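The values are calculated or read from the model by the stated rules, or taken from the named source; none is laboratory data. The structure displayed is predicted, hence computed values, not measured ones. Every residue, glycine as well, gets a Cβ built from its backbone with ideal geometry; the counts of neighbours run over all protein chains shown. Side chains are part of the model used for accessible areas, which takes the heavy atoms of the whole protein and leaves out ligands, DNA and RNA. Shrake-Rupley method; radii C 1.70, N 1.55, O 1.52, S 1.80 Å.
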Amino acid sequence: MEKQPFSDEQFDKIFAEQSAEINKQLDQEILIAMIGDVNAGKSSTINRLMDGEVARVGAKPGETVSIEKYALHDKIVFVDTPGLQDVNSENSQQTLKFFKEADVVLFFLNAAGTVLSDYELQTLKQIREVNQDILIVLNKIDAAEDVGDLVKYIQDNTAYNYPVVPISSRTGENMSMLQNQILRILEKGKKDVLMATHMADKSSTAKKWILASGASAAAIGAIPLPGADFGPLTALQVAMMIKLAKLYNKPITKDRAKEMIIATVVGSVGRTIFRQVVKLIPGAGSVAAGSVAATMTISLGYAVKYAYERDIDLDANSLKPLYNMFLKEEQEKEKKKKKKK
């Protein structure tokens, strides 16, 4: 019997380390501070963004609204601050405290109204002094014309300091873009997994994680030492599987993860080429090896994603045909890329 590229003990250690790191993320708390006119659609945006209703909707334009908190599963807190006209009122210090502590500040503008007034610019500058993790959310683009010009106007007048995300909380347009931008900021503080598990659009997040894992696998596979890649590559694939399991609320055990990797990636033809041939041929080397590592990792990720989204009971037997299906697709993509070159 062929010797496995990593022992059971090594795999157990990798699984324990990756599980601990991801579970640590899930134990953290996230604070999202929001500011904007009461008619800017803050509540409707977070209700559409998250998996379930979080905030009440229906404040009347011009209505004075106090600071409101909306907790989601005790770990994620949205703070809806007063309208812009109240920033310098008696609530201002408490409001700025929330901005300072926030992991992300969502600064709402109404595309159907006056966009980026002097007062809004002043407020934005005030927030930036305590927190630079700001996303400008241009809502209600379904009721506006020349959205591209509006985005450019905002960027020109804010020195391109902030991402500007044009959305419609009514139609759902570009909500995935907003989701990705929020997760990008949270990733810096290693809080993105917790947030992603409670967001409505899990598919786009899963795809993002899978492609990122594929890119990392390509870099690992490019190591020009035969066998030097298996530890880091296995750790990467295990982390990806655990994250996908958390995202879709499908618990995965160490033994199940091990049998699935052995049945697909480790047991595939790609592994033989990857370890025994490509890296040992002078000049063939790292580019091809990296490509194989990426293809195998992406195929594994897509197979797991496919099964979770369709409630398929996932084990080695059910995963392998799915893996082979996606492996074939990824290999065809690689062939087309080579032909174009």
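In sequence order, segment 181-194 has phi-based couplings of 5, 5, 5, 4, 5, 5, 4, 4, x, 6, 10, 6, 5, 4 Hz under the Karplus curve 6.51 cos²θ - 1.76 cosθ + 1.60, θ = phi - 60°, and Gly or Pro positions carry x. Within 10 Å of each candidate Cβ there may be at most 11 other Cβ atoms; applying that plus a DSSP loop requirement, which GluC sites (Glu not before Pro) in segment 105-205 survive? When the GluC sites (Glu not before Pro) of segment 105-205 are filtered for loop state and at most 11 Cβ neighbours within 10 Å, Glu129, Glu145 remain. For segment 218-223, putting each phi into the Karplus relation 6.51 cos²θ - 1.76 cosθ + 1.60 with θ = phi - 60° gives couplings of 4, 5, 5, x, 7, 4 Hz, in residue order, rounded to whole numbers and with x for Gly and Pro. Backbone amide hydrogens, once placed in the peptide plane, bring Asp37 within less than 5 Å of Leu84, excluding anything fewer than 5 places away on its chain. Element breakdown for segment 90-210 at a 1.4 angstrom probe: carbon and sulfur atoms account for 45% of the accessible area. Phi angles of segment 105-117 translate, via the Karplus equation with coefficients 6.51, -1.76, 1.60 and θ = phi - 60°, into HN-Hα couplings of 10, 9, 9, 8, 10, 9, 5, 8, x, 7, 9, 6, 6 Hz per residue; Gly and Pro are given as x.
Using the structure shown, list the pairs from Lys13/Lys320; Lys190/Lys333; Lys42/Lys207; Lys191/Lys243 with a Cα-Cα distance above 22 Å, or answer none. Lys13/Lys320; Lys190/Lys333; Lys42/Lys207, as the Cα separations exceed 22 Å there. Sorting the segments 132-142, 196-206 by their residues' average number of neighbouring beta-carbon atoms within 10 angstrom, most packed first, yields 132-142, 196-206.
Amide H contacts of Leu72: Val77, Phe78, each under 5 Å away and 5 or more positions distant or on a separate chain (H built 1.01 Å from N in the peptide plane; Pro and chain starts excluded). Other residues within the sphere of radius under 12 Å centred on the Cβ of Glu329, judged by their own Cβ, net out at +1 (K and R +1, D and E -1).
Can you flag which of Lys97/Lys152; Lys250/Lys305; Lys125/Lys188 are past 19 Å Cα-Cα? Long pairs (Cα-Cα over 19 Å): Lys97/Lys152; Lys125/Lys188.
For segment 118-237, report the translational diffusion coefficient in µm²/s to the nearest whole number, using Stokes-Einstein at 20 °C, 1.002 mPa s, and a Kirkwood Rh over Cα pairs. Can you show the working numbers first?
Numbers: Rh = 17.2 Å.
Using the Kirkwood radius from Cα pairs, D works out to 125 µm²/s.
Among the aspartates and glutamates, which have Cα under 18 Å from the Cα of Lys339 when same-chain residues fewer than 8 positions away are ignored? In chain and number order, the partners are Glu329, Glu330.
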